[in-house]
Amino acid sequence: MDHSGISVLFEGTNFQRLLGGLWVTVRIAAVALIIGLILGIMLGVLRTFKNRPLRVILRLYLEFFRIVPTVVLLFLFYYILPRQMNFNLPGDQLATLVFALWVAAEMSDIVRGALISVPQHQKESGKAIGLNRYQLYRYVLIPQAISLEIPATINLATRVIKTTSLLMLISVMDVINIGQQIIEANNHSHPTGVFWVYGLIFLFYFLIDYPLSWWAKRLEKKRLERANG
Amino acid sequence: MKKRSLTRLIAVVSVFATLLLVLAGCGNSKKSSSQSNNPSSVQQIKKNGTIRIAVFGDLPPYGWVNKDGKRVGYDVTLAHRVAKDLGVKVKFVQVNANNRVDALNSNKVDLVLANFTVTPERKQVIDFAKPYMKVSVGVVSPKSKPITSASQLKGKNVIVTKGTTAENYFTSKQQNVKLLKFDSKTQQFNALKNGRGVALADDNSYLYAWSKNNPKYTVGIKSIGPKSYISPAVKKGNKSLLNWTNKEINKLTKESFFVKDYNSQLKPYFGKEVKPSDIVLPVK
C-alpha cells in the first residue's frame with residue numbers, strides 16, 4: 001500500500017483541507033439558496049399579477065439568468081463588472097450573489113408555475129367568500145402551491161450544489177480547487193492520486209445531493225398519494 | 001383600492017430587495033476606490049498592510065500547495081520576499097493561466113507572480129517588471145513515439161493550456177497543428193496520459209520537471225520558437241509598484257537570491273540536464 005494513491009488523502013492535512021473546501025462549497029450554496037428562495041418566491045408571486053410591464057421585466061430577468069451559462073455569469077460579475085463599474089467583491093461573496101440571483105430567477109418560474117396550476121375553482125371560491133388579494137395568496141394559493149413546488153425546488157438545490165464546482169474559475173478555494181492542488185502536489189509520487197481525490201469529491205457531492213433528491217422523490221410520492229386518495 | 005396599493009407595495013419591496021443586493025456590492029467598492037485612484041500603489045499597499053499576489057496553486061515547483069496546506073515554490077518564495085521588503089503581509093490569490101490578466105485588470109490582485117511569460121500581446125494590456133527567469137516553449141511526448149521536430153506535428157493533436165505562451169506560439173506560428181486546449185495543468189497532463197494528443201506543449205522548464213517524474217515521457221523538442229522571459233506583472237499604468245518591483249528584482253539578482261531560490265525550490269524537481277544558468281538570469 002506504500003505507493004497506493006489512497007494515502008494521498010491522509011497525508012499531512014490533506015483531508016482536513018478537502019473538508020474545508022467542502023465547507024466553502026456548502027456555505028456558498030446554502031446562503032445563495034436561502035437568499036435566492038426568498039427573493040424567488042416574491043418574484044414568482046409578482047409574476048402571476050396582471051401588470052404587464054412588471055411581468056415583462058421579470059420575464060427578461062428570468063430569461064437572462066436562465067440562458068446565460070453560469071460560467072459566463074461568474075466571469076461577467078467577477079472580471080468584467082469590476083472594470084466597467086468599479087464593483088468589487090471577494091470571490092466567495094460574489095459567487096454567493098451570482099448564485100442567489102440565479103436561484104431567484106429559476107425559483108420565480110417554479111413559484112409562478114405552481115401558483116397558476118392551483119385549480120381555478122379554488123381561486124374563484126376564495127374570491128366568492130370575499131378574500132382580498134393578499135388573503136387569497138396567503139390562505140388559498142400559496143399553501144396549495146408549496147406542495148407543488150417543493151420537489152422542483154429541491155432539484156434546483158441539487159443543481160446549485162453541483163454547479164459550485166465552477167467556482168475554481170474565479171479563485172474561490174472550493175473542494176474541487178483544493179482537490180486539484182492536492183493532485184498536482186502529489187502527481188509524481190502518487191500518479192493514481194487523481195482517482196482517489198476525485199473519488200472522494202464524488203462521494204462528498206453524492207452524500208450531499210443524494211439525500212436531497214431522495215427527499216424530493218418522497219415528497220412527490222406523498223403528494224400524489226394525498227391528491228389521488 | 002386596497003388591492004392595488006398592496007400590489008404596489010409588494011412590487012416596490014421586491015424591486016428594492018433586488019437593488020439592495022446589487023448595490024450592497026457597489027457601495028463597498030466605492031468606499032475603497034475613493035481612498036485612492038490606484039488601489040495597488042506602493043503607498044496604498046503599505047497603508048493596507050497587505051499585498052495581494054496572484055500565484056498558481058497547481059504548478060509545482062513554481063507555485064503549489066504542499067501536504068501541510070502551505071503555499072510553496074519558486075514564485076511563492078519570491079512573493080514572500082517581496083512582501084517582507086515592502087514591510088507588509090502577503091495575501092495569496094490563486095489563479096489559472098488564463099485569468100492572470102483579468103485578475104490584475106479588475107483589481108483582484110496587486111502583483112502577479114505566476115510563472116508569467118512576457119509577450120507583446122500581454123504587454124499591451126498589463127505592465128511587466130524586469131524578468132527573473134527565462135524559458136522557451138518545449139514539447140513533451142511519449143518515449144515510445146517521440147516527437148523531435150515541429151514537422152512531425154503537422155495535422156496532429158497537440159495539447160496546450162489556455163492562455164499559455166505555448167498556445168500563443170502554436171496559434172500564431174504553427175497554424176497547421178491542431179490544438180486541444182484545456183483550462184488547467186491538471187487537465188492537460190491527464191489528456192496527454194489518456195492519449196488525446198500526440199504531444200503536449202508548455203514552457204520547457206516546467207516540462208523538464210514533469211518528465212523527470214514521468215519517465216515514460218520525454219521532452220523531444222527542448223526549445224521551439226523565441227526565447228522568452230518570466231516577469232512579475234502589475235496593472236497597466238501602475239508606475240508606482242512597477243518601479244518598486246524593478247528595483248527589487250535588480251537588488252535580488254545582485255545578491256543572487258534567485259540562484260538560492262533555484263537551488264531550494266527548483267533543483268530537486270529538475271533533471272541533471274538543467275542548470276541554474278538555464279533558468280536564472282545573469283547579473284548584468
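The values are calculated or read from the model by the stated rules, or taken from the named source; none is laboratory data. All values derive from a computational prediction rather than experimental measurement. FYI the Cβ positions are ideal-geometry reconstructions off the backbone, even for glycines, and counts take in every protein chain you see.
Scanning the stretch B:169-190 for residues that are out of contact with any helix residue (DSSP H, G or I) (no Cβ under 8 Å at 6 or more places or on another chain), away from chain A (no Cβ under 12 Å) and crowded, with 16+ Cβ neighbours inside 10 Å turns up B:TYR169, B:PHE170. Among the residues making up the stretch A:118-139, a single one is in contact with a helix residue (DSSP H, G or I) (Cβ under 9 Å, 6 or more places away or on another chain), surrounded by fewer than 16 Cβ atoms within 10 Å (Cβ to Cβ) and under 17 Å from A:GLY44 (Cβ atoms): A:TYR134. Of the residues in the stretch B:87-101, at least one is modelled with pLDDT under 90 and assigned to a loop (DSSP other than H, G, I, E, B).
Evaluating B:GLY69 against the criteria (1) closer than 30 Å to A:ILE178 by Cα; (2) in a helix (DSSP H, G or I); (3) touching a Lys or Arg at 6+ places or on another chain (Cβ under 8 Å); (4) modelled with pLDDT under 90 leaves one unmet condition, (2).
Hey, any hits in the stretch A:71-80 for a residue that's facing another protein chain (nearest Cβ under 8 Å) and surrounded by fewer than 16 Cβ atoms within 10 Å (Cβ to Cβ)? Checked the stretch A:71-80: at least one residue is facing another protein chain (nearest Cβ under 8 Å) and surrounded by fewer than 16 Cβ atoms within 10 Å (Cβ to Cβ). Mind listing whichever residues of the stretch B:98-108 are crowded, with 19+ Cβ neighbours inside 10 Å and under 12 Å from the mean Cα position of the chain (by Cα)? Answer for the stretch B:98-108, where residues must be crowded, with 19+ Cβ neighbours inside 10 Å and under 12 Å from the mean Cα position of the chain (by Cα): B:ASN99, B:ARG100, B:VAL101, B:ASP102, B:ALA103, B:LEU104. Within the stretch A:179-190, how many residues are more than 10 Å from A:VAL8 (Cβ to Cβ) and either over 32 Å from the mean Cα position of the chain (by Cα) or more than 7 Å from chain B (Cβ to nearest Cβ) (or both)? Residues that pass the stated criteria total 2.
If you go through the stretch A:128-158, how many residues are without any contact (Cβ under 8 Å) to a residue 12 or more places away in the chain and away from chain B (no Cβ under 14 Å)? So the count comes out to 3. The requirement of being buried (at least 19 other Cβ atoms within 10 Å of the Cβ), under 24 Å from A:ILE182 (Cα atoms) and of a type outside the set (A, V, I, L, M, F, W, C) is not satisfied by B:ARG122.
The criterion of at least 3 residues that are among the hydroxyl-bearing types (Ser, Thr, Tyr) is met by the following helices (runs of 4 or more DSSP H) wholly inside the stretch A:113-197: A:142-163. A:ALA30 passes every criterion in (1) in contact (Cβ under 8 Å) with a residue 24 or more places away in the chain; (2) of a type in the set (Gly, Ala, Ser); (3) part of a helix (DSSP H, G or I); (4) surrounded by fewer than 16 Cβ atoms within 10 Å (Cβ to Cβ) apart from (1).
Within the stretch A:191-205, the only residue that satisfies the criterion of being away from chain B (no Cβ under 12 Å) and among the hydroxyl-bearing types (Ser, Thr, Tyr) is A:TYR205. Picking from residues in the stretch A:45-54 that are closer than 14 Å to A:ARG112 by Cβ and in a helix (DSSP H, G or I), the one that is farthest from the other protein chains (Cβ to nearest Cβ) is A:ARG47. The set of residues in the stretch A:55-70 that are over 15 Å from the mean Cα position of the chain (by Cα) and away from chain B (no Cβ under 12 Å) comprises A:VAL56, A:ARG59, A:LEU60, A:GLU63, A:PHE64, A:ILE67, A:VAL68. Does A:TYR205 qualify as being surrounded by 14 or more Cβ atoms within 10 Å (Cβ to Cβ) and out of contact with any His (no Cβ under 7 Å at 6 or more places or on another chain)? In short, yes. Just one of the listed residues (A:SER117, A:SER108) is away from chain B (no Cβ under 12 Å) and either more than 24 Å from the chain's Cα centre (by Cα) or at negative phi (or both), namely A:SER117. If the condition is being over 18 Å from the mean Cα position of the chain (by Cα) and polar (S, T, N, Q), then the stretch B:144-165 contributes B:SER144, B:THR148, B:SER149, B:SER151, B:GLN152, B:ASN157. List every residue pair whose Cβ atoms lie under 6 Å apart, where the two residues are 6 or more positions apart in sequence or sit on different chains, the first residue falls within the stretch B:72-84 and is crowded, with 24+ Cβ neighbours inside 10 Å, and the second residue, located anywhere, is part of a helix (DSSP H, G or I). As it stands, the answer is B:GLY73/B:GLN265; B:TYR74/B:ASP261; B:TYR74/B:GLN265; B:TYR74/B:LEU266, since those pairs meet every condition given. Tell me whether the stretch A:82-90 contains one or more residues that are surrounded by fewer than 16 Cβ atoms within 10 Å (Cβ to Cβ) and away from chain B (no Cβ under 13 Å). Taking every residue of the stretch A:82-90 in turn, none turns out to be surrounded by fewer than 16 Cβ atoms within 10 Å (Cβ to Cβ) and away from chain B (no Cβ under 13 Å).
Within the set B:SER34, B:SER14, the sole residue that is polar (S, T, N, Q), at pLDDT below 90 and surrounded by fewer than 20 Cβ atoms within 10 Å (Cβ to Cβ) turns out to be B:SER34.
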